[in-house]
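A short write-up of the structure that comes next.
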Amino acid sequence: MEFRGELQRAAAEFGTPLTEEQAEQFSLYYDLLLEWNGKMNLTAITEPREVAAKHVVDSLSAFDGTLFREGVRVVDVGSGAGFPGLALKIYFPSMEIVLLDSLQKRVKFLETVVSALGLSGVSCVHGRAEEAARRKEYREQFDLALARAVARLSVLAEYTLPFVRVGGSLLALKGARYAEEMAEAEQAAKILGGGKPAAKAVKLPGLDDGRAVVRITKERPTPKAYPRKSGTPEKKPLGGDVRIKEAEA
C-alpha cells in the first residue's frame with residue numbers, strides 16, 4: 001500500500017493522476033519488479049517513493065496528448081524493466097507497443113508483467129536495435145520510438161530513428177546534460193532523416209535534477225546504410241567520436 005500511495009501522490013502532483021485500476025496495475029508491477037530484482041539486476045532503485053518518481057512518473061513525463069492518439073504504434077528501444085514503454089502502456093492503454101530488449105531474461109520479465117496485468121496490444125521482443133530496425137515489419141513502421149537511459153543522443157538516434165515513419169518522432173528521456181547531448185546529436189539526426197532536437201524540461205515531484213524529454217521528428221526516410229552493424233554506433237558515433245554510455249535513472 002505504501003508504494004501505491006506514494007505513486008498516486010506523485011502522479012497527481014505531476015499532473016498525470018491515475019485511475020484506481022491504473023494504481024492497482026502499477027502496484028502489481030512494483031511487486032513483480034521487486035520479486036524479479038532479487039533474481040536479476042533490473043534496477044538499483046527499489047524504495048517506494050523513488051520508484052514512484054524516478055521510474056513511473058519519469059516515464060509518464062513523455063506522454064503528450066498530441067502524439068499519443070488511439071491506436072498509435074510505439075516501439076520502446078532498450079526497454080529494460082519496462083520504463084518508459086510499459087509504464088506508458090498502463091497509463092494510455094489504447095497504444096500498440098513493442099518492448100524491445102537485447103537480454104532474454106529482461107524480455108521474460110516484461111512478458112510476465114504484461115500477462116499478470118492482462119495487457120493487450122503489447123509485444124515483448126528479444127533483439128538488438130541495430131538488427132531489429134532492418135526487419136521489414138519494424139523499419140519505419142512506428143509513430144513513436146521511446147528510449148530511456150540507453151545511450152547518448154548521438155548514438156541513440158541511430159538506434160531509434162530507423163524504426164520511425166516519416167512524420168513520427170523519437171522521444172528520449174534525458175538527464176541534466178540534455179542540452180549538451182542535443183547539440184552533439186544535431187548532425188547525427190540530420191544524417192538519419194531527423195530534424196533538429198527539441199526539449200521539454202521536466203521537473204519530477206521532490207526532485208530538481210534537470211531532466212527533459214528530447215524530441216526528434218522524422219523528416220525524411222533513413223538511408224539504407226543505417227543502422228550500422230551491432231557495436232558500431234557506440235564505437236563510431238555519427239557526427240563525433242563520443243563513446244560515453246550514460247547511466248541515467
Test: residue 43 is at negative phi and open to solvent by less than 30 Å² (accessible area, probe 1.4 Å): yes
Filtered residues of the stretch 155-188 (kept if in a helix (DSSP H, G or I), surrounded by fewer than 24 Cβ atoms within 10 Å (Cβ to Cβ) and small (Gly, Ala, Ser)): 179, 183
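Being over 17 Å from the mean Cα position of the chain (by Cα), surrounded by 15 or more Cβ atoms within 10 Å (Cβ to Cβ) and without any contact (Cβ under 8 Å) to a residue 40 or more places away in the chain narrows it down to one of 210, 118, 127, 194, so name that one. Steps first, please.
Details: 210 fails: surrounded by 15 or more Cβ atoms within 10 Å (Cβ to Cβ); 118 fails: surrounded by 15 or more Cβ atoms within 10 Å (Cβ to Cβ); 127 fails: over 17 Å from the mean Cα position of the chain (by Cα).
Criteria check complete, one pass: 194.
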Any chance residue 225 is at pLDDT 90 or above, aliphatic (A, V, I, L, M), surrounded by fewer than 14 Cβ atoms within 10 Å (Cβ to Cβ) and part of a loop (DSSP other than H, G, I, E, B): yes
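Does residue 107 qualify as being buried (at least 22 other Cβ atoms within 10 Å of the Cβ) and β-branched (Val, Ile, Thr)? Please lay out each step first, then the result.
Working: buried (at least 22 other Cβ atoms within 10 Å of the Cβ): no; β-branched (Val, Ile, Thr): yes.
Taking the combined requirement at face value, the residue does not satisfy it.
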Odd one out for residue 71, checked against (1) within 21 Å of residue 162 (Cα to Cα); (2) in contact with a Phe, Trp or Tyr (Cβ under 7 Å, 6 or more places away or on another chain); (3) of a type outside the set (Val, Ile, Thr); (4) open to solvent by 30 Å² or more (accessible area, probe 1.4 Å): (2)
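The values are calculated or read from the model by the stated rules, or taken from the named source; none is laboratory data. Since this is a predicted model, take the numbers as computed values, not measurements. Methodologically, a virtual Cβ is constructed for each residue, glycine included, from the backbone with ideal geometry; neighbour enumeration extends over all protein chains shown. Heads up: the accessible areas ignore ligands, DNA and RNA and are worked out on the full protein's heavy atoms, side chains in. Shrake-Rupley method; radii C 1.70, N 1.55, O 1.52, S 1.80 Å.
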